[in-house]
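What follows is a set of notes on a single structure, which appears directly below.
The values are calculated or read from the model by the stated rules, or taken from the named source; none is laboratory data. What you see is a predicted model, and the numbers here were worked out from it, not measured in a lab. Note: ideal-geometry Cβ built from the backbone for every residue, glycine included; neighbour counts use all protein chains shown. For the accessible areas, the whole protein counts, side chains as well, though only heavy atoms, and no ligand, DNA or RNA atoms are used. Shrake-Rupley method; radii C 1.70, N 1.55, O 1.52, S 1.80 Å.
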Amino acid sequence: MQEYITIKDSFTAEYEEKHSRFIATAFYCESETQASEIIAAQKSKYWDARHNVFAYLLQDGSARFSDDGEPHGTAGMPMLDVIKGSGITNVLVVVTRYFGGILLGTGGLVRAYSTSTRDALAGAQRVLMCSCCEYEIDCDYGSFDRLSRLISDCGGMVQNTDFTDKVTVNVMFKAVDSDAFLDKLCESFASKLTAKLKNEMFFPFNL
């Protein structure tokens, strides 16, 4: 997979239904281990709440949910359905419920947990995680301005520039754009400059 959508930071939203208070927090999450740690932390934070329901979906397709004492099918699964419908992966949502003394019924619970999850995801900043290549390029001072323009024209993002007896530029390109840049680099500098591949990773771009 070349890219996927996730969230950058955690976001908390609150929803109230018949005096029951629902606190939904969306988290960026990369693994089941990380999810377990976040869930445990939320349960510790809201230790006095009746329910701490969760659902998560990872980029590799792994998914889990828990009703945490709510009637089966009224909490965790509706939350997971909302996550799947959002197009976001590597995300965990934990909804904490403080019971307000009035039973909500099956429909009320599904609505409350779905709405809480939707609100938390809507408030979180979404980012596009793209498969990227990081290159290191050495050039002389006379070539630096032309190299900088080429990087910009090809959609690259300069990560770092060191000025010593030469100029060393670390630049990031989306994987789908990297071959075109390498071709133009070779053509523009008559093969005198080369880009050394330093790393391949997923990198966030704001949406």
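At 1.4 Å probe radius, can you tell me the per residue accessible area of the stretch 126-207 in Å²? Result: 57 Å² of accessible area for each residue. Given a Förster radius of 45 Å and the C-beta distance between ALA175 and ARG111 as r, what FRET efficiency does 1/(1 + (r/R0)^6) yield to the nearest 0.05? Given R0 = 45 Å and the Cβ-Cβ separation, E is 0.60.
Please work out how much length the chain gains when fully extended from ASN160 to TYR141, using 0.36 nm per residue of separation minus the C-alpha to C-alpha distance, in nm with one decimal. Numbers along the way, then the final one.
Values: separation 19, 0.36 × 19 = 6.84 nm, distance 1.56 nm.
Length gained between ASN160 and TYR141: 5.3 nm.
How would you order 140-147, 18-25 from highest to lowest mean count of nearby Cβ atoms within 10 Å? Display every interim value, and only then the final one.
Details: 140-147: 13.6, 18-25: 19.0.
Result, highest mean first: 18-25, 140-147.
Within the accessible surface of the stretch 40-119, defined with a 1.4 Å probe on protein heavy atoms only, the carbon and sulfur portion equals 52 percent. For LYS196, a cut-off of 14 angstrom between C-alpha atoms picks up these aspartates and glutamates, skipping any fewer than 8 places away in its own chain: GLU134, GLU136, ASP138, ASP179, ASP183. Between amide H atoms placed 1.01 Å from N, distances below 5 Å from ASP67 occur with GLY76, all of them 5 or more places distant or on a separate chain. Under a Gaussian network description of the chain, with springs only between Cα atoms under 10 Å, the residue in VAL91, VAL169, VAL82 that fluctuates furthest is VAL169.
By average Cβ neighbour count within 10 Å, what is the ranking of 64-71, 130-137, 103-110 from highest down?
Values: 64-71: 17.0, 130-137: 20.4, 103-110: 15.4.
Packing proxy ranking, top to bottom: 130-137, 64-71, 103-110.
For the residue pairs LYS8/LYS198; LYS8/LYS174; LYS43/LYS84; LYS8/LYS184; LYS18/LYS43, alpha carbon separations beyond 21 Å are given by LYS8/LYS198; LYS43/LYS84; LYS8/LYS184; LYS18/LYS43.
Order the peptides 43-51, 175-183, 111-119 from the highest to the lowest mean number of other Cβ atoms within 10 Å of their residues. Please list the in-between numbers first.
Details: 43-51: 13.8, 175-183: 15.6, 111-119: 23.1.
For the peptides 43-51, 175-183, 111-119, the packing ranking is 111-119, 175-183, 43-51.
When the helix-only estimate is applied to the chain (DSSP H runs of n ≥ 4, each -39,500 (n - 2.57), divided by the residue count), what is the mean residue ellipticity at 222 nm, nearest 500 deg cm²/dmol? Could you put the intermediate results ahead of the total?
Values: 5 runs with 71 residues, N = 207.
Result for the chain: -11000 deg cm²/dmol, rounded to the nearest 500.
Could you order THR74, THR161 so the one with the most accessible surface comes first? Probe is 1.4 Å. List each step's numbers first, then the result.
Values: THR74 5, THR161 45 Å².
Output order, biggest surface exposure first: THR161, THR74.
Accessible surface comparison of PHE54, PHE11, probe 1.4 Å, protein chains only, largest first: the order is PHE11, PHE54.
Compute the signed sum of charges (Lys and Arg +1, Asp and Glu -1) over the other residues within less than 12 Å, Cβ to Cβ, of ALA26.
+1
Taking all Cα pairs closer than 8 Å and separated by 6 or more residues, the relative contact order of the chain comes to 25 percent.
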